[in-house]
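Worksheet: the structure to be examined is printed underneath.
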Amino acid sequence: MTLDTASKSRSRIPNFFKLSIRDRIDALRAHTELTEDDLLALEHGTHTLRCHVADKMIENVVGVFGLPLGLGLNFLIDGREVIVPLSVEEPSIVAGLSGAARTARLSGGFSTEVSDPILIGQVQVVNLTDVDSARQALLDSEREIVSLANSLHPKMVARGGGAQGIEVFHHRVPEGGQEGAPERDMLVLHLLVDTREAMGANIVNSMCESVASLIERIAGGRVFLRILSNLTDRAIVRAHVRIPVANLTMKGYSGKDVRDGIVLANDLALVDPYRATTHNKGIMNGVDAIAIATGNDFRAIEAAAHAYAARSGRYRALTRWYKEENGHLKGEIEIPVKVGTVGGSLETNPSVRLNHRLLGNPSATQLAGIFGAVGLAQNYAALRSLSTAGIQQNHMTLHARSVASTAKVPEELFDEVVDALIESGEIKVWNAQEIVSRIQKKTNAVQSADTEPRSSASGKVILLGEHAVVYGRSALAAPIPLAVESRVVDAEDGVHLVIPRWGVEQRVPTLDEHPAGAAGILALLLQRLDLTNRSMTIEVFPNVPRAVGLGGSAALAVSVIRALDVHFAIGLNDKRINDFAFDCERAAHGTPSGVDNTVATYSKPILFRGPSQSGKSSFEDLTIAKPLPLVIAMTGNESLTAKTVARVRQAWQCNKALYERVFDQIDELTLAGAEAARDGSLDDLGELMNLCQGFLNALQVSTREIEEIVEVARRHGAVGAKLTGGGGGGSVVALCPDGPEQVVSAVEAMGYEALAFEASGSNVP
């Protein structure tokens, strides 16, 4: 597929930045021609360069260095929708490009003009006796020189490329570059080569080598250097954009003010090399990012751009922004861009191949035009920011967010702390920590003044027995203390659910209205407790993320049931609380085992026995000889328990005998693990966890992220590590007898969240 025939390439994907990575990849299914293999490779990270391939690309390879891969959206270039892959580590570039492209598309997007993809090969001739005669002889022999160069590359000539002509230049240079030293004469022959779809460096170099002897014979001197030039001023891209003043208006600034500010900022870059250097660096922020993503030589493109900016003898801006007669803002860029779509790393690196497919497999000329549009868009984004709120404000926000993250500011306070840091002007880690302390003191004061107590429930971690427990086998589980807290306060107009940390604030309808999610579960619970006619606000304070395999939904149910029991003096015992919570779990997950609600209710390590043929489950308290030092690592992907349980059930139904044997083996591991925990044999327990992970992987409920965390945890001291919960995302539990610090640090260094705690028999909330 080429860009001209793309049927699904729609670059406008609203709210793309708000989606999870998995949902973004899923959105590409509808907007690009990427294959299912491509999408799976993105989701699982298998598109990245592997060490054994990298070892064949350069010398002394010891690893592969990664960069984020983002997408520039909203681009309309020469009437074509284009999604632009960008590999870059600097924040705001992708967002700035996408915003600029969105503004440009309102008035028709970007238009481009691209010259033929000509590279220049240089052949240096020295030790000449008659320079002028040698120069003329070379010019007279142009056809012979070009024919010899092309004879080595007939396929390129057949595709319309190859050597097109020559130029010859006479230079006089002081010996050693010393001013006043005797001068020497030299000729430099330029071999002009159209390399078509290839970047062409190797082709041009080989052509220069091939004609060296002929040039020596014609000129009568000695050929010294023969190599391409990276100043590709014969491969020029010109991109244009026209933006009506009305489309420039933004909060606090009229469109005219924005237009005039952009023009004024660009004017400075046209006359001042100090400003022009930063101006052009901003352009290359976008150009380099797409060059890296598409496997092109960003160093060569960068060098050519800066040399071209100084072609007049004074370094100046590569763009021009001005006001048209009708008042519109017009932007233009002229920049040398020589890119390729075949050969080199483009053939070797799977990420590069995928990115070309994402672009719609453009030709080298089309790709060069995209580079030009991206450079112009990036320049617009930078100038617009400079001439309005200012880049410094954006940088301050990014810096404040980085500082808040370093200070480990709780998620529910993050935005408030970032705003306070910017307002204070003291963007430091210590200040972020002080702001958190002040907020928490204020919150605690409000809470202490509230007479309504909070009720709490534990989360859970399954050490052994996931999925098999659904089929009547055992599971070894331990509580995560104080996972969720809840309280109920009187209200006047129905039932309301408030979960500040998750941004939830909604009315809870009755079951007759068929509510979904948490509201549906609460509606069921209120009906079972005969509280549907009472008005109240149910406040929930979760201390673990949602859908990460840590029993958050069961803990929420148990804590809410306890809060209702306290507020309305119902008089529920633990068994009835557990029964009600199991009903909630069944509504949420379809066919739960009952482990989550049991641990949430009793907050003790347990050996749980899944439902037998009679449909009844049972559990026994597990007295463990020593606390279990555990680390929970969260993948960042939701663990959709209902989905993974259904997938395993479908496989079980297709081959019951096989899966029953697998469940029996998991059961044996679980029972042995319970004995190891009772005896305090943590190394044995860890080994059993590792074996269980193998079975869970075979059940296809593990993921690439889970396997990656498991491997890193074991390598940094965990005696056992495995997924916990339903799988398909969620979390990993690691047993760390020598302490959790190294495992936590290693997991966080990979970009995942981790928490450490000890599981014992005293986790009663």
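The values are calculated or read from the model by the stated rules, or taken from the named source; none is laboratory data. Keep in mind it's a predicted model, so treat the numbers as computed, not measured. Reconstructed Cβ throughout: ideal geometry from the backbone, glycine too, with neighbour counts over all protein chains shown. For the accessible areas, the whole protein counts, side chains as well, though only heavy atoms, and no ligand, DNA or RNA atoms are used. Shrake-Rupley method; radii C 1.70, N 1.55, O 1.52, S 1.80 Å.
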Checklist (1) within 30 Å of Met156 (Cα to Cα); (2) open to solvent by less than 20 Å² (accessible area, probe 1.4 Å); (3) small (Gly, Ala, Ser) applied to Gly286, failing item: (1)
Quick check on segment 194-209. Is at least one of its residues crowded, with 22+ Cβ neighbours inside 10 Å, in a strand (DSSP E or B) and among the hydrophobic types (A, V, I, L, M, F, W, C)? yes
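In segment 465-484, which residue that is among the aliphatic types (A, V, I, L, M) and under 22 Å from Ala646 (Cα atoms) is surrounded by the most Cβ atoms within 10 Å (Cβ to Cβ)?
So the first thing to find is which residues in segment 465-484 are among the aliphatic types (A, V, I, L, M), and the list is 468-470, 475-478, 480, 482-484.
Still in the running and under 22 Å from Ala646 (Cα atoms): 468-470, 475-477.
On the way: Ala468: 29, Val469: 27, Val470: 22, Ala475: 31, Leu476: 29, Ala477: 29.
Only one residue fits best here, namely Ala475.
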Under the condition of being open to solvent by less than 10 Å² (accessible area, probe 1.4 Å) and among the β-branched types (Val, Ile, Thr), which residue from segment 708-737 is modelled with the lowest pLDDT? Thr724
Restricting the first residue to segment 146-173 and requiring it to be free of Cβ contacts under 8 Å to residues at least 24 places away in the same chain and farther than 16 Å from Cys208 by Cα, which pairs with a second residue that is of a type in the set (D, E, K, R) and not in a helix (DSSP H, G or I) meet a Cβ separation below 7 Å and a spacing of at least six or different chains? Arg172/Glu183; Arg172/Asp185; Val173/Glu183; Val173/Arg184
Quick check on my filter: what residues within segment 636-660 are crowded, with 20+ Cβ neighbours inside 10 Å and at pLDDT 90 or above? Val648
For residues that are farther than 16 Å from Leu572 by Cβ, modelled with pLDDT of 85 or more and among the charged types (D, E, K, R), tally how many sit in segment 511-533. 0
Only residues in segment 23-50 that are farther than 18 Å from Gly360 by Cα count as the first member; pair them with residues that are assigned to a loop (DSSP other than H, G, I, E, B), Cβ under 6 angstrom, at least 6 apart or cross-chain, and list the lot. Leu49/Val64; Leu49/Asn349
If a residue counts only when it is surrounded by fewer than 13 Cβ atoms within 10 Å (Cβ to Cβ), at pLDDT below 90 and in contact with a Gly (Cβ under 6 Å, 6 or more places away or on another chain), which strands (runs of 3 or more DSSP E) contained entirely in segment 16-124 have at least 2 such residues? none
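If I filter segment 679-693 for residues that are part of a helix (DSSP H, G or I), over 21 Å from Pro605 (Cβ atoms) and not acidic (Asp, Glu), do I get at least one hit? Break it down stepwise before answering.
Restricting attention to segment 679-693, the residues satisfying the condition of being part of a helix (DSSP H, G or I) are 679, 682-693.
When the remaining residues are screened for being over 21 Å from Pro605 (Cβ atoms), the result is none.
Within segment 679-693, not a single residue is part of a helix (DSSP H, G or I), over 21 Å from Pro605 (Cβ atoms) and not acidic (Asp, Glu).
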Open to solvent by 10 Å² or more (accessible area, probe 1.4 Å) and within 30 Å of Ser455 (Cα to Cα) - does that describe any residue in segment 681-693? no
Go through Ala554, Ala633, Ala563, Ala581 for me and flag whichever is buried (at least 24 other Cβ atoms within 10 Å of the Cβ) and without any contact (Cβ under 8 Å) to a residue 40 or more places away in the chain. Ala581
Right, Gly72: closer than 30 Å to Gly343 by Cβ, touching a residue at least 24 places away in the same chain (Cβ under 8 Å) and under 20 Å from the mean Cα position of the chain (by Cα) or not? yes
How many residues are touching a Gly at 6+ places or on another chain (Cβ under 7 Å) and among the aliphatic types (A, V, I, L, M) when one looks only at segment 256-298? 2
Kindly establish whether Arg320 is farther than 26 Å from Gly261 by Cβ, more than 26 Å from the chain's Cα centre (by Cα) and in contact (Cβ under 8 Å) with a residue 12 or more places away in the chain. no
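Per-residue answers, yes or no, for (1) modelled with pLDDT of 85 or more; (2) closer than 30 Å to Asp667 by Cβ; (3) open to solvent by 70 Å² or more (accessible area, probe 1.4 Å); (4) among the small types (Gly, Ala, Ser):
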| site | (1), (2), (3), (4) |
| --- | --- |
| Gly372 | yes, no, no, yes |
| Phe414 | yes, no, no, no |
| Ile435 | yes, no, no, no |
| Ala449 | no, no, yes, yes |
| Leu463 | yes, yes, no, no |
When residues of segment 739-757 are filtered for being surrounded by 18 or more Cβ atoms within 10 Å (Cβ to Cβ) and part of a helix (DSSP H, G or I), how many remain? 4
Starting from residues that are under 35 Å from the mean Cα position of the chain (by Cα) and among the β-branched types (Val, Ile, Thr), keep the ones in segment 613-632 and report whichever is modelled with the highest pLDDT. Val631
Residues (surrounded by fewer than 17 Cβ atoms within 10 Å (Cβ to Cβ) and either under 19 Å from Phe110 (Cα atoms) or basic (Lys, Arg) (or both)) located in segment 298-319: Arg299, Arg311, Arg314
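I need the full set of residues from segment 140-156 which are open to solvent by less than 60 Å² (accessible area, probe 1.4 Å) and among the aliphatic types (A, V, I, L, M), in order please. Step through it out loud before you land on a result.
Of all residues in segment 140-156, those open to solvent by less than 60 Å² (accessible area, probe 1.4 Å) come to 141, 145-146, 149-150, 153, 156.
The answer is Ile145, Val146, Ala149, Met156.
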Segment 613-630: number of residues that are without any contact (Cβ under 8 Å) to a residue 60 or more places away in the chain and outside any loop (DSSP other than H, G, I, E, B): 3
Select from segment 485-500 the residues that are open to solvent by 30 Å² or more (accessible area, probe 1.4 Å) and either among the aromatic types (Phe, Trp, Tyr) or touching a Leu at 6+ places or on another chain (Cβ under 9 Å) (or both) and list them in ascending order. none
Val540 passes all but one of the listed conditions (1) crowded, with 21+ Cβ neighbours inside 10 Å; (2) closer than 27 Å to Gly465 by Cα; the exception is number (2)
Qualifying positions in segment 252-283 - open to solvent by 60 Å² or more (accessible area, probe 1.4 Å), of a type in the set (Val, Ile, Thr) and more than 32 Å from the chain's Cα centre (by Cα): Val271
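Restricting to segment 501-528, name every residue that is touching a residue at least 40 places away in the same chain (Cβ under 8 Å) and either open to solvent by 70 Å² or more (accessible area, probe 1.4 Å) or within 35 Å of the chain's Cα centre (by Cα) (or both).
Let us first name the residues in segment 501-528 that are touching a residue at least 40 places away in the same chain (Cβ under 8 Å), namely 501-502, 520-521, 524-525, 528.
Once the filter is applied, which keeps residues that are touching a residue at least 40 places away in the same chain (Cβ under 8 Å) and either open to solvent by 70 Å² or more (accessible area, probe 1.4 Å) or within 35 Å of the chain's Cα centre (by Cα) (or both), segment 501-528 yields Arg501, Trp502, Gly520, Ile521, Arg528.
How about segment 694-704: which of its residues are in a helix (DSSP H, G or I) and open to solvent by less than 10 Å² (accessible area, probe 1.4 Å)?
Taking segment 694-704 and keeping what is in a helix (DSSP H, G or I), we get 694-698, 704.
Matches in segment 694-704: Leu696 only.
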Residue pairs within 7 Å by beta carbon, gap of at least six or interchain, first lying in segment 412-433 and more than 26 Å from Val540 (Cβ to Cβ), second open to solvent by 60 Å² or more (accessible area, probe 1.4 Å) and hydroxyl-bearing (Ser, Thr, Tyr), listed first then second, are Val429/Thr406; Asn431/Ser424
